[in-house]
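Take a look at the structure set out below.
The values are calculated or read from the model by the stated rules, or taken from the named source; none is laboratory data. All figures in this text were calculated on a predicted structure; none of them were measured in a lab. Here Cβ is always computed from backbone atoms with ideal geometry, including for glycine, and neighbour counts include all displayed protein chains. Surface accessibility is based on the protein's heavy atoms, side chains included, excluding ligands, DNA and RNA. Shrake-Rupley method; radii C 1.70, N 1.55, O 1.52, S 1.80 Å.
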Amino acid sequence: MPDNFINITALNDFLFCPYSIYLHNAFMDMDEDIFVAAPQVKGKAAHKEIDSRTFSKNENDVQSLKVFSNELGLMGVIDLYRKDEKHLVELKNKVGGSLFLGQKVQLWAQYYCLTEMGYQVERISIYEKSKGVFHNVKIPDSEDRSTLENLIMKFREFDFSQQMEINTKKCTHCIYCNLCHFTDCDNVYNAD
Ligand code: SF4
């Protein structure tokens, strides 16, 4: 696998804020209790069964599968692929309201990895574990593919020395808020 493959989860982080990727890498070895917020803790707990491949007992369900796309230069891990339904599933503990572009982009990227690897995919969805509900996402069309390709290009070309646009609303929902020199605001999770 070439070194320059992008991890699919980083695309979502990039859409949220490019600097969060830098902070994620800079502090990844640090004790997570220092900055991981309540939603991430709940999300990780919800993921445990997927990571240990014990979420489903159905032998037609493939759990925690490594995927990649040579065409797009992407790699990642999908949560669940239901062979009998040709159904790609991303697990989230909670989905607040309508889906973000970042969440859709992650699924589109996983879809293209899987299909390039020879899997058939006819349905993609996010499974909201706390409610036991599937949120269907449209199979990506050529316009969605272009959106994904443009995002990958922007990711590869991003220059951290350029002026960053700071959105304080995002900062208050960013787990790295207290470690980031672009803001002195606090995040909303410290009250949890
Ligand atoms: S605190 Fe704000 S500027 Fe800093 S990484 Fe988070 S979202 Fe980006």
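Within region 109-135, being in a helix (DSSP H, G or I) and surrounded by 20 or more Cβ atoms within 10 Å (Cβ to Cβ) holds for 109, 110, 111, 112, 113, 114. Might you check whether a residue that is touching a Pro at 6+ places or on another chain (Cβ under 8 Å), closer than 24 Å to residue 130 by Cα and at pLDDT below 95 occurs anywhere in region 71-93? The answer is yes; a qualifying residue exists.
Within the option set 80, 72, being part of a strand (DSSP E or B) and open to solvent by less than 60 Å² (accessible area, probe 1.4 Å) holds for one residue only, 80.
Counting only residues that are in a helix (DSSP H, G or I), among the hydroxyl-bearing types (Ser, Thr, Tyr) and within 16 Å of the ligand (Cβ to nearest atom), region 136-192 holds 2 of them.
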